[in-house]
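Peer 1: Dumping the structure here so I can ask a few things about it.
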Amino acid sequence: MESATARWTATRRALIAGLPALAATAGCSPRRDPDALTFWAISYEGDYAPHLMPAFTTATGIAVEVQTLPASAAHEKLLTAQAGGALPDVMMLYNGWVGTFAMIGALRQVPDASLVADQFPGVLQTAQYFGRDYAVPWSVAPQAQFYRTDLVERAGYASPPTDWAEWRRMAAAIKRRAPNDYVILAYLNWWDLLVTLAGLTQARPLKDRDTRGNFASPEFREALGFYKSLFDDGYAPVALSTDIQDPVAAFAQGYFAIYPSSPPIMLDFRRRTAELPPERWGVTRMPGPNGPGRVSSVSASVAVTTSSRRPDDAWALVRHLTSAASELRFQELIETMPARASAWSAPQMRQPRLAPFAEQVREPALWPAIAEWEQIQTEVQLIAERVVRGLMTLDQGVATMDREVDRILAKRRQLVEAGRIA
Amino acid sequence: MTRQERTAWAFVLPVLAIIGLVFVLPTTLAFGLSVTDYSIYALADWSNLRFVGVGNFTALLTTPLFWRALSNTALFALLGVPMAIAASLFAALLLDAEAVRWKPLWRVLLFAPYVTSVVATAVVWRFLLNERYGLINYALGWVGIAPIDWLGSPTSSIPAILLFVTWKVFGYNMVVFTAALSAVPTELMEAARLDGAGRWTRFRHVTLPSIGPTLLLAAVMSVAGFLQIFAEPYVMTLGGPAQSTTTVLYFMYDQGFKWWNLGLASAVAFVLFLLILALTIVQTRIGRRYEWL
């Protein structure tokens, strides 16, 4: 009896001692295929990238493991992975991030000019750092206004106007017909719309070699003023992204008539045709002060990391992913717009609903390719939210933006003045 | 060294080593980081790292958002600790009542929220608190209260999150209080009743003094917990609206892991550490002074 108890205690102790080891193996699950290339992509691109892989594996014999990162946490996850030396061979980056990751030495320079041939000039620039190519553009995703055809028609318009004055007249008409609903969705904690408006007024957000904020400039004030007026006039709900749990459903129900978004939203629309039949929505370019203009886009590019031990295989994968054929297949699958200029002459790109994007990709807005840009956009949006909520005036707002951005850029200013970076 | 001392050391050393490894060393390293300007540029090239002394701490004092985060955190703790402890104590007293049947079942049901996943329950609560379709506003509508934009308005966001947090955490202290209440001597209770003490008097002069130490422990743990509140605002409001739910830990997370300003983030961590330490010392002092509680 006694020995049985002792044995039980011994096994239990062994079991407890084994627990951490068990947890360790469960935590970092062994790679299924140690010879596979690793590829991290964000959002839908990650979910659907495995569909592009069989062709690549058949042609080259190289297996690829794809992991998806959520868009909201991708930036910090990639940064942490670089700090921990855990980046994959190939990774997807949103434009604006290439400068950051090139600066911290995570990216290899593009070895072959043919990889970056056949690109729209403004788009290619977003994949460069110091004028050198560090990533290959994969898709372009300019913002556009998706609108409810029925609601806009009832207000007396075939499609939403693309200049501010006329757009506001349409907004007033829509609001008059449905005072409890709204005209446009603009999450107060997302910077997309404000940055787009700033591109349309041709604001230059930074000055002095991108070492100081320039938010008090008349162009940015114009953009912020228009942004604020959307909320003041009741055209946009004062809401955060966490307040509206299902924006597509809200759009389908007519809670707002215009949904400024980028092409992949069409995949959501396609998946939910029962709620939102295809004839109920259309798309047109974003409104600017005097008609459509330059609009920034949350475009994607792919890059090879410095930690990759098989750069040649990795570049082969990049070449495959960014081929016109792969990009067109992705357009069919998830509605991303191809970055290769020649892909746009394919028959599938001639659908009328893609026409606004065909025009817009030729007019991209360019933002500073500095490491702090992501943080600056976030910080500026936080202050813009305070302006919209009436916690500070527009003048106080732009002054605060300049002050906060100058603070964020202090280290960069010091390094630029010392000639250590450009 | 006698044999007894050697044995004692053999027992204590592993624990000391672990404390040193997971507590003293990281704290020292964090303090080391907090006097440098470690940023994304240091990640790129170590030679960009500078010693800045108390620079990060003075920078913090002039950052409006840090002060806002401090006052938000203080508000969370000031409202949240009494709310959570009162809810726990109330539930424990109800469970302790003799008239209550099915006690184990109630205990499990009331404890269940504590072991659920924050993210999953936060999503449910976001639906409950929704301004237009939420069940809570629907219920308030019956008594004629106009819909409240719980999570969307800077004034109601903290109370709304506290409703969720209280619901989520009260079960833990409830179980602790239940255990303490079962240790309250019945003879004392009966003696008090015979002497004509009412319900409140018995609670105040018999129950409360006997569970005093437990109450103090719960208060200390709750204060430390509420000062480190992060997951709930992160999941429910992302620190908004207008940064009304950005807490000190949220601010630290943003600076450290999002923007890689680890120097500044370490300074925040250090300030928070000192704050919790100071508050705990004050609480134990108060606890010692009012030992009759």
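Here, each number is a calculation from the coordinates, and none is a lab measurement. Worth saying up front: this structure is predicted, and the values here are computed from it rather than measured. A quick note on method: Cβ atoms are made from the backbone with ideal geometry, for glycine too, and the neighbour counts reach across all protein chains shown.
Peer 1: Rounded to two decimals, what is Rg over Rh for the protein assembly as shown when you use alpha-carbon atoms and the Kirkwood radius?
Peer 2: 1.01
Peer 1: So who's got an amide H within less than 5 Å of the one on A:PHE215, skipping anything under 5 residues away but keeping other chains? H placed 1.01 Å off N, in plane.
Peer 2: A:ASP402
Peer 1: Using only DSSP helix segments of four residues or longer, with each worth -39500 (n - 2.57), what per-residue ellipticity at 222 nm results for chain A after dividing by its residue count and rounding to 500?
Peer 2: -13000 deg cm²/dmol
Peer 1: Right, another one. Please list the radius of gyration and Dmax for chain B, considering alpha-carbon atoms only, with Å as the unit.
Peer 2: 23.6, 78
Peer 1: Per residue and in cubic angstrom, what volume does the convex hull of the Cα atoms of segment A:343-382 have?
Peer 2: Looking at segment A:343-382, the number lands at 114 Å³ per residue.
Peer 1: Then there is this: Across the Cα atoms of segment A:195-246, what radius of gyration and what greatest pairwise Cα-Cα distance (Dmax) are found, in Å?
Peer 2: Here Rg and the maximum Cα pair distance are 13.9, 42 Å.
Peer 1: Which one of B:VAL12, B:ILE158, B:VAL143 has its Cα pushed farthest toward the positive end of the charge dipole of chain B, where Lys and Arg give +1 and Asp and Glu give -1 at the Cβ?
Peer 2: Working it through, the farthest residue towards the positive pole turns out to be B:VAL12.
Peer 1: In the neighborhood of B:GLU98, defined by Cβ-to-Cβ distances under 14 Å, what is the net charge if each Lys or Arg adds +1 and each Asp or Glu adds -1?
Peer 2: Local net charge: +3.
Peer 1: So, one more: What ratio of Cα Rg to 2.2 N^0.38 Å holds for chain A? Don't jump to the answer; show the numbers that get you there.
Peer 2: On the way: Rg = 24.4 Å, N = 422, 2.2 N^0.38 = 21.9 Å.
So chain A has a normalised radius of gyration of 1.11.
Peer 1: Let me ask you something else. Tally Lys/Arg at +1 and Asp/Glu at -1 over every other residue whose Cβ is under 12 Å from the Cβ of A:ALA203; what's the total?
Peer 2: My count for the surroundings of A:ALA203 gives +2.
Peer 1: Would you compute the Debye intensity of segment A:253-314 from its alpha-carbon atoms alone, equal scatterers and no solvent, and pass along log10 I(q)/I(0) at q = 0.23, 0.25 Å⁻¹ to two decimals?
Peer 2: Results for segment A:253-314 at q = 0.23, 0.25 Å⁻¹ read -1.07, -1.17.
Peer 1: What does the charge count near B:GLN255 come to, summing +1 for each Lys or Arg and -1 for each Asp or Glu among other residues with Cβ under 15 Å from its Cβ?
Peer 2: Surrounding charge for B:GLN255 is -3.
Peer 1: Further, regarding this structure: Beyond 27 Å, what share of the Cα-Cα pairs of segment A:278-422 is found? Please give it as a whole percent.
Peer 2: The answer is 49 percent, as a whole percent.
Peer 1: Viscosity 1.567 mPa s, temperature 4 °C: what is the translational diffusion coefficient of segment B:147-227 from Stokes-Einstein with a Kirkwood Rh over Cα pairs, rounded to a whole number of µm²/s?
Peer 2: Stokes-Einstein gives a translational diffusion coefficient of 85 µm²/s.
Peer 1: Which ³J(HN,Hα) values, rounded to whole Hz and listed in residue order, are derived for segment A:342-359 from phi using the Karplus coefficients 6.51, -1.76 and 1.60 in 6.51 cos²θ - 1.76 cosθ + 1.60 with θ = phi - 60°, glycine and proline given as x?
Peer 2: Listing the rounded values in order: 5, 5, 5, 8, 5, x, 5, 7, 8, 4, x, 5, 8, 4, x, 6, 4, 6 Hz.
Peer 1: Output the 0 to 90 degree angle, nearest 10, between the alpha-carbon long axis of helix A:324-334 and the longest principal axis computed from the alpha carbons of chain A.
Peer 2: 80
Peer 1: Shifting gears a bit: What longest range of chain B stays clear of loop-exposed chymotrypsin sites (Phe, Trp or Tyr not before Pro) (DSSP non-H/G/I/E/B, at most 14 other C-beta within 10 angstrom)?
Peer 2: Here the longest segment lacking exposed loop sites spans B:134-289.
Peer 1: So in the protein assembly as shown, what percent of DSSP beta bridges are antiparallel if you round to the nearest 5?
Peer 2: If we restrict to bridges inside the protein assembly as shown, about 70 percent are antiparallel.
Peer 1: Among B:ALA84, A:THR80, B:LEU95, whose Cα lies farthest out toward the positive end of the dipole of the protein assembly as shown, if unit charges sit on the beta carbon of Lys, Arg (+1) and Asp, Glu (-1)?
Peer 2: Among B:ALA84, A:THR80, B:LEU95, the one farthest towards the positive end of the dipole of the protein assembly as shown is B:LEU95.
Peer 1: List the longest stretch of chain B that has no exposed loop site; here a site is one of the GluC sites (Glu not before Pro) assigned by DSSP to anything other than H, G, I, E or B, with at most 10 other Cβ within 10 Å.
Peer 2: Maximal segment without exposed cleavage sites: B:99-290.
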